[in-house]
Every structure is written in C-alpha cells, then in structure tokens.
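Each value in this text was obtained by applying a stated rule to the coordinates, not by laboratory testing. Everything numeric here is computed off the predicted structure, so don't read it as measured data. Using ideal geometry, Cβ is built from the backbone for each residue, glycine included, and neighbour counts are taken over all protein chains shown.
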Amino acid sequence: MMRIGQGFDVHAFVDLTADCEAESNLSIVLGGVNIPFSRTLLAHSDGDVLLHALCDALLGAAGLGDIGRHFPDTDSRYRNISSRHLLREVMALLTKNKWQLGNADMTIIAQAPRMAPHRAAMVENIAADMACRCEQVNIKATTTETLGFTGRGEGIACMATVLLEALD
C-alpha cells in the first residue's frame, strides 16, 4: 500500500528592533541549514518552513493529523525547538505506524535569499533525519517574480509532497 501526502507552510519575515542582535548575525533556518539573511522569520519554533511543510505532508499521508496537533505552538516545550527534532519525532511516529518514505519533493517559494548554495546541505540534513537516501529527497526553489507576499519579501512559503510505503 502507498499513500500520498501534501503539506504547506508559511512564515512571515520580521524586522527586529534596534535592541536585538546586530543585523549581521541574522539568519533563517531552512532544511536545518542556517542561512545568513538580513531578516528573520516570525515563529514559535525555529521557523523552518520547509521542515514544517514536510512534517505536515508526512503526517497527512499516514493519516496522523498535522504538525499543530502533535507540536502545538501553545506548548512551551516547542518554543525555539529545532524543526529537525520535530522531523525525527514524526519519522518515529511513521515507523511505529509501519510506514516508510518512498520519496519527498519540496518547493521553497521565496524572492530571497538564494537557495541554490544551500540545497545540498538541506537534502543531507533531511535524509539523515529521515534515515533515507539523499536520492529520496528533492528540493526545488522558485520566486514569484515579485508577485504576492513572497514576491514583496514579506515571507517564505513551502510546499511538500511525499509518498509513503507500508512496511511489511
């Protein structure tokens, strides 16, 4: 048996006040990779929109709800937590429910920063956390040609699609 799941997540950029860290120390986290950037993402956890979409796709394919059900943003245990930790917990749930990854295909939608220099490290992180081969993980990036909230630089969106296979 196979199941398909899809996930989508969005996080808004936030400008930090002058009393926060210097802009040179700002970054965003995508696919578990810290990417230097002039802004940061507003989030309860680390704001890894790519891994959040992936977790939702995995949970959906397995019929296990969504990321908010398992890791609610109202729970202080998940404040500033690494989304890689959440992904590993989702994978443990899938294994417990006798599912394994066939493949994962993700798209990052952002005007900036450029994703190409970080894509290989993202794939390696995700494959390690999912205990799968890098060939089972695909990450693409696109802009919206300056249209919409991502095009105006107001945030980042990600889509994820996964294929799960039942374990015998």
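Points to keep in mind about this one:
- The HN-Hα couplings worked out from phi for the range 75-92 by the Karplus form 6.51 cos²θ - 1.76 cosθ + 1.60 (θ = phi - 60°) are 9, 5, 4, 9, 5, 6, 5, 6, 5, 5, 4, 4, 4, 5, 5, 4, 5, 5 Hz, whole numbers, x standing for Gly and Pro.
- The phi-based Karplus calculation (6.51 cos²θ - 1.76 cosθ + 1.60; θ = phi - 60°) puts the 3J(HN,Hα) values of the range 51-59 at 5, 5, 5, 5, 4, 4, 5, 5, 5 Hz, whole numbers, x for Gly and Pro.
- Amide H to amide H distances under 5 Å link ILE28 with ILE35, PHE37, where only residues 5 or more positions off or on other chains count and H is placed in the peptide plane.
- Along principal axes, Cα extents of the chain, largest first, whole Å: 55, 35, 26
- Longest segment of the chain lacking GluC sites (Glu not before Pro) that sit in a DSSP loop with at most 15 other Cβ atoms within 10 Å: 22-144
- Each Lys and Arg adds +1 at its Cβ and each Asp and Glu adds -1 at its Cβ; summed about the Cα centre, the range 2-166 shows a dipole of about 480 debye.
- Sites MET1 and ILE81, calculated FRET efficiency, Cβ-Cβ separation with R0 35 Å, nearest 0.05: 0.65
- Annotation: amide H-H contacts under 5 Å for GLY155 (H modelled 1.01 Å from N, sequence separation of 5 or more, or interchain): PHE13.
- Taking every C-alpha pair closer than 8 Å and separated by at least 6 residues, the mean separation divided by the residue count of the chain gives a relative contact order of 34 percent.
- Cα centroid separation - the range 108-168 against the range 36-97, whole Å: 14
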